[in-house]
Protein chains: 2
Amino acid sequence: MAGSTKRADAQRNIDAILAAAAECLSRNPAASTSEIAKAAGVGRVTLYGHFPSRAELLDAVFVRAIATGEESLGQVDLTGDPRAALIRLIETSWQLVDGFRTLLVAAQEVLPPARVRELHADPMARVERLLERGRAEGAFRTDLPTTWLVSIMHNVMHGAANEIQAGRITSAEAAPYITATLLAAYTPPGERVLV
Amino acid sequence: MAGSTKRADAQRNIDAILAAAAECLSRNPAASTSEIAKAAGVGRVTLYGHFPSRAELLDAVFVRAIATGEESLGQVDLTGDPRAALIRLIETSWQLVDGFRTLLVAAQEVLPPARVRELHADPMARVERLLERGRAEGAFRTDLPTTWLVSIMHNVMHGAANEIQAGRITSAEAAPYITATLLAAYTPPGERVLV
DNA sequence: CTTAAGTTGAACAGGTCTGTACGAGTTGAA
DNA sequence: TTCAACTCGTACAGACCTGTTCAACTTAAG
C-alpha cells in the first residue's frame, strides 16, 4: 500500500510497532506506549515519531486487523445453500473474533464509536448479505431485523471467547457450539431446527 | 443485615457512597474515588474511612447489586411450562443485565475472576435449574452443555444492551427479540421452533 | 452536657501515564 | 562519501490516580 517516501528502516520499525502493538493490546487492552515500544524493540520516542498519539496508533492497528480479516473472509465461498455457507462463514469469522476481540476492547476505549462502527462496516455487510439471501430463500427467519441477527452472531462468538477464557469450554469445541446455536437461532418460527 | 455498631450518620454515608458508586460506575467503569465521593456528597477521606480500598468498595457495590437482583429473580414463577417460565425469567433478567452490565465491567477490572464468578453463582444456578428441567421434559435441546446455554442467554442480553447503546434498537424491542432468539436457540434439533 | 465517633479539606508521598524537547549517535540512499 | 533521515536515552512538564496523615470541626448518643 503506497511504498510511500519513508526510508527502509523507518518502514521496518513502523511494521514492528504495529505488530508489537497488536500483540500487546491483545494481551492487555490498556498496554502503554512504553510497553509497546519495548516489545517492538524500539525507543518510545521513535514510536511517537511515527504515530502522533496513542489513539492514532490504536486506529492504525485496528485498520490493519480489519484488513487482514477481510482478506480471510474474502476467500470464503458464500454461494450455494445459505445454511452451509453460514457454517463456512462462521468457521472463519470465529477465528478472527477469537484473535482480535481484546484488540477491539482496546480500540473501543479510545476511538469514537462512529469510527469503530465505520471500520466494522465491511465485515458486517458480508454477513448481512448472506443473511438477506437466506431470508429471501426461506432458510432464515424474517420476523427479526437482519441487523439483530448479525449482532447475535457477533455476541455468541464473543460469549464463546469468554467461555474459553473461563476454562469452561475448549477452543476446539467452540466452533461446533457456535454453529449449532446460530443455525437454531436463525431458523424460521414453525420450521424444524436442522439436526 | 446486622444493624452493626455504626453510628446513624456513618451508616447513612455508607449507603450514600454505595448508591453513588453504583451510579457513577454504571456511567463510567473507571470512575475514581474522588468522583464517587463527590457524587455521594462526602469527603474522599470519609470514603476511605469506610472502605479500605477502591477494590473493596467495588466489591461491596457488586455484592449489593447481586443481592437486589436475586430479590427480583426470586419473585419470578419458574414452575409450569419451561418455555413460558423461561420467557418470564428473561423478562426480569434482561432488566437486571441492562442496568448492571457497566458495573460488571468495572468489577471485572478490579476483582479477581474467581470472585466475580462466585458472586454470579446464585443467579446462574437459577437459570441452570430451569434449563435442566426443560431439558428433562424435552422442551430444550440436550446436544449442547447446559453451561453453554446459560452463557448464550447472558451474551444475547449483553448484545442487546450494545445494540441499544448503538441506537440500532430501542429498549422496548429488546425483550421480545431476546425471547424469540433464545427460544429458537434452545429448541431441540429436529423439532419445530415455537411461533 | 459531654464525649467519642465521625467528618472535613488540605497536603503529601509514590506511582503511572502521555506527549515533548534535546543533543548525540546511527544508517539508508544517492 | 556525504547528508538528511532516522533513532536513541534521558529528562521534563502536566495530568491523574490511590492511599495516608493531620489538626480542626461537627454531630449522634447516652
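The values are calculated or read from the model by the stated rules, or taken from the named source; none is laboratory data. Given the structure is predicted, the values throughout are model-derived calculations rather than measurements. Using ideal geometry, Cβ is built from the backbone for each residue, glycine included, and neighbour counts are taken over all protein chains shown.
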Filtering the range B:1-49 for residues that are more than 11 Å from DNA strand D (Cβ to nearest atom), at pLDDT 95 or above and farther than 16 Å from B:Val105 by Cβ leaves a count of 11
Scanning for something β-branched (Val, Ile, Thr), over 15 Å from the mean Cα position of the chain (by Cα) and over 24 Å from A:Gly74 (Cβ atoms), does the range A:159-169 turn up at least one residue? yes
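Give the range B:133-145 a look and list any residue that's under 17 Å from B:Leu183 (Cβ atoms) and more than 11 Å from chain A (Cβ to nearest Cβ), or say none. First the steps, then the outcome.
Here is the first cut: in the range B:133-145, the residues under 17 Å from B:Leu183 (Cβ atoms) are B:133-135, B:137-144.
The answer is B:Arg133, B:Gly134, B:Arg135, B:Glu137, B:Gly138, B:Ala139, B:Thr142.
Restricting attention to the range B:142-195, which residues are assigned to a loop (DSSP other than H, G, I, E, B) and among the β-branched types (Val, Ile, Thr)?
We begin by selecting, within the range B:142-195, every residue assigned to a loop (DSSP other than H, G, I, E, B); these are B:142-145, B:166-170, B:187-191, B:193-195.
Passing the criteria: B:Thr142, B:Ile169, B:Thr170, B:Thr187, B:Val193, B:Val195.
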Which condition number in (1) farther than 19 Å from B:Gly159 by Cα; (2) within 13 Å of the chain's Cα centre (by Cα) is the one that A:Thr102 fails? (1)
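Applying the selection to the range B:74-94, what residues are outside any helix (DSSP H, G or I), touching a residue at least 40 places away in the same chain (Cβ under 8 Å) and of a type in the set (A, V, I, L, M)? Lay out the reasoning, then the answer.
We begin by selecting, within the range B:74-94, every residue outside any helix (DSSP H, G or I); these are B:75-81.
Narrowing further to those that are touching a residue at least 40 places away in the same chain (Cβ under 8 Å): B:78, B:81.
B:Leu78, the sole residue that qualifies.
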Residues B:Ala107, B:Ala125, B:Ala114: which one is more than 13 Å from every other protein chain (Cβ to nearest Cβ) and either aromatic (Phe, Trp, Tyr) or surrounded by fewer than 15 Cβ atoms within 10 Å (Cβ to Cβ) (or both)? B:Ala125
